[in-house]
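Each reported figure results from applying straightforward, stated rules to the coordinates on display, with no laboratory input. These figures come from a predicted structure and were not determined experimentally. When we count neighbours, we look across all protein chains shown, and the Cβ atoms used for this are built from the backbone with ideal geometry, even at glycine.
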Amino acid sequence: MKVNMKQISEITGVSTATVSNALNYKKGVNANTAARVLKVAHEMGYFDESRITKVKFVTFKRDGSVVEDTPFFPLMLAGIEQECRDSGMDMLMCTLDMRDGDYQEQVKMLLNDKSAAIIMLGTEMIDSDITLLREITSPFIVVDYWNGDMTFDAIQINNADSVRYAIDYLIRNGHREIGYLKGSFRIVPFKDRGIGYVTGMQRAGLTVKEEYTLELGTTMDSAYADMKKYLKKKCKLPTAFIADNDMIALGAMKAMAEYNIKIPEDVSIIGFDDLPFSAISYPPLTTLRVPKQEMGRIATRRLIQLIKDRTETGVKIEVSTQFVERGSVRAIG
């Protein structure tokens, strides 16, 4: 017989409203009361009998320098929301922010919630965060993070291959001195793009010059400020740069404009992501387009499959990018 909230209320001696709030991990319930309600619910098999009808989109933040102030992730979220709607699932959003004083409480609430499956945006995760992922018992998939652990499902961008393609494009356009605008926060996607840069250069027989690898902040403002510091030194520039993402590329372009460095006449630049304003920058930015909405839909489809099948076979999905040719690259003789 299915266990209901009224039965849990009778055993715990608290109102059904309090039971509902505790089971849905809403704030305002006394911690001891919530713990007693959850304990009784588990003992009575409430969670085992409750069908998962919710998808919780969890944004993990280490310092927010990559996932905040960018239109990339809202576009992915739109894909998740649409797929949930098509599948009859409710979607919730929450954040795990390591800067918050109640971070451990946030984690505990997430791990205890058996009523929702989880899509974890792991862009800012590092290897030590694998402990958190191993503790999740609900069906879940991680987006934009991978560390070779192979105990969880993940969907990511084919970062290295995409950058290698961009390097080949620059070489076909006559460039041999190619630099790298490297994000200072070395998230996994950036590390993979760095590997793509090095292997692309080596495969073409080109030398990776240390002086052409510039480490810039990961927001547009910090990339702009760091690029200005570099340009003040009046160092020699390569003929082209590949950037870890559009935010870094656009920040660097702004700094170059202030130093009368013309793009693409003096320096060519390729970004990564194809953010909406990359098409209206000056000049419009050549970049690698990530299918953001489709990436969200694919992640949700896989998660729903996990809910239905409870399969133990992990899957790693790589999503291909599309090269978008605009005005920030020129062919040289």
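Table for the structure above
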quantity	calculated
Nitroxide proxy distance, nm - points 7 Å out along Cα→Cβ at Asp69 and Asp161	3.4 nm
Nearest 10 degrees, 0 to 90: helix 72-86 Cα axis against the chain principal axis	40 degrees
Cross-link table Lys61/Lys228; Lys234/Lys254; Lys233/Lys262; Lys61/Lys209, entries beyond 25 Å C-alpha to C-alpha	Lys61/Lys228; Lys61/Lys209
Quotient of C-alpha Rg and 2.2 N^0.38 Å, computed over the stretch 170-210	1.21
Spin-label zone in the stretch 63-77 - amide nitrogen under 20 Å from a point set 7 Å from the Cα of Phe277 along the C-beta vector	64-77
Residue-wise HN-Hα coupling along the stretch 134-141, computed from phi with Karplus coefficients 6.51, -1.76, 1.60 (Hz; x: Gly, Pro)	5, 8, 6, 9, 6, x, 8, 9
Angstrom value of the Kirkwood radius, inverse mean 1/r, which spans all Cα pairs in the stretch 159-290	14.3 Å
Relative contact order, percent, the chain [alpha-carbon distance under 8 Å, six or more residues apart]	18 percent
Karplus-derived HN-Hα couplings along the stretch 100-106 (A = 6.51, B = -1.76, C = 1.60, θ = phi - 60°), whole Hz, x at Gly and Pro	7, x, 9, 4, 4, 5, 4
Listed residues Thr12, Leu303, Gly122: farthest to the positive end of the dipole of the chain (Cβ charges)	Gly122
5 Å-binned pair-distance histogram of the stretch 212-305 (Cα, whole percent)	3, 13, 23, 23, 14, 8, 6, 5, 3, 2, 1, 0
The stretch 97-196, Cα convex hull volume normalised per residue, Å³	107 Å³
For the stretch 271-333, radius of gyration divided by Kirkwood radius, i.e. Rg to Rh on alpha-carbons	1.22
Environment charge of Ile332, counting only residues whose C-beta is closer than 13 Å and scoring Lys/Arg +1, Asp/Glu -1	0
Charged-residue dipole, Cβ positions (Lys, Arg, Asp, Glu), the chain about Cα centre, Debye nearest 20	260 debye
Hydrodynamic radius of the chain per Kirkwood, over alpha carbon pairs, in Å	21.8 Å
The chain: calculated mean residue ellipticity at 222 nm from DSSP helix runs of at least 4, using -39500 (n - 2.57)	-13000 deg cm²/dmol
Spatially proximal lysines relative to Lys56 (Cα-Cα < 27 Å; intrachain offsets below 8 disregarded)	Lys2, Lys6, Lys26, Lys27, Lys39, Lys108, Lys114, Lys292, Lys308, Lys316
Where N is the number of residues in the stretch 30-145, Cα Rg divided by 2.2 N^0.38 Å	1.13
